[in-house]
Every structure is written in structure tokens, then in C-alpha cells.
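**Q** Take this structure, written in C-alpha cells, and hold onto it; I'll ask about it next.
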Amino acid sequence: MWFTSKDGLAGDRARSITIDAQGGKWFCGEGGISYLDDDGTPENKGDDSWTTFTAADGPLKSAGFENIAITIDSAGDKWIVWYGLLHLDDNDTPSDKTDDIWTELSIDTDIMDFAIDASETSGSPPNVACTI
Ligand SMILES: [Ca+2]
Ligand SMILES: [Ca+2]
């Protein structure tokens, strides 16, 4: 099964994917960030719902999404590296962008990838390890 921008992916070159606790798929790459709710049927595109986050959303900028990556912490918050470190609290409604809260945490332009370690505790930000 192939997914392309014709299906709802932000662009045809996805760089990374992560899956949230509800089974939602988050893709990063060309064009921005794409969220796929496949309704539990990855083999059937007919019931899929896509939400795309582009330069029009939050602090995302329009240039070069080739280095963008995303990971999700145990609270469901999204951490995105791309020309800095971004935090997205989507209020557990990934398909509704109107209640999203974006925070820009860094302007380091050299971060390539990252991970959240096991020290994360409720109510405090996790440690984020970055590859530069
Ligand atoms: Ca589906
Ligand atoms: Ca939301």
C-alpha cells in the first residue's frame, strides 16, 4: 500500500513516522507534518482521515522540510525538530487544529534527529537528546 500526496500526505518524500497511543500515524517530510487516522484499517484508504500541518500552522516555516522529525511523549505531546525544537500540544484532538498550542523552544538550526529518554515524568518536560 502506497500513500502519496494524492492521499493526503503533505508531500511525497516523508522523512520519519511515529505512531501515537491511539494508533494515529504522524509523518514528517516534504511539505510539513501529516497526521493519518486510518480508522484501524490501514489496508482501506476509503475511511482514512488526513490532517496536514504546513507553514500556515504554528511556528512552522515554509523553507526546507527535509530535516524535520517528530516524536511523541507519554502525555501525547508532539516534539518536532526542524530549524529548532517545537512542542505541539494538540489537546488530544489531532484532527482539529483550532485548539492546538505550539511552543518554539530553540532556534538551533543544526538538529537532525532526537529522542525522548525514560526520565520523563508527568507534568515536567522530558529530556530530549538531539543529534547534531
Ligand atoms: Ca483506513
Ligand atoms: Ca487539536
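**Q** What's the ranking of 90-103, 16-29 by average number of surrounding C-beta atoms within 10 Å, highest first?
**A** Answer by packing, highest mean first, reads 16-29, 90-103.
**Q** By how many nm would the segment from Asp99 to Asp48 lengthen if fully extended, with 0.36 nm per residue of separation less the alpha-carbon distance?
**A** Roughly 16.2 nm would be gained on extension.
**Q** Please give the FRET efficiency for Asp92 paired with Met1, using the beta carbon to beta carbon distance and R0 = 25 Å, rounded to the nearest 0.05.
**A** 0.40
**Q** Between Gln22 and Lys61, what is 0.36 nm times their sequence separation minus the Cα-Cα distance? Round to one decimal in nm.
**A** 11.3 nm is the gain from fully extending Gln22 to Lys61.
Taken together, the values in this text are just the output of simple stated rules run on the coordinates, not laboratory data. Since we're looking at a predicted model, the values are computed, not measured. Because the Cβ atoms are built from the backbone with ideal geometry, glycine has one as well, and the counts that use them run over all protein chains shown.
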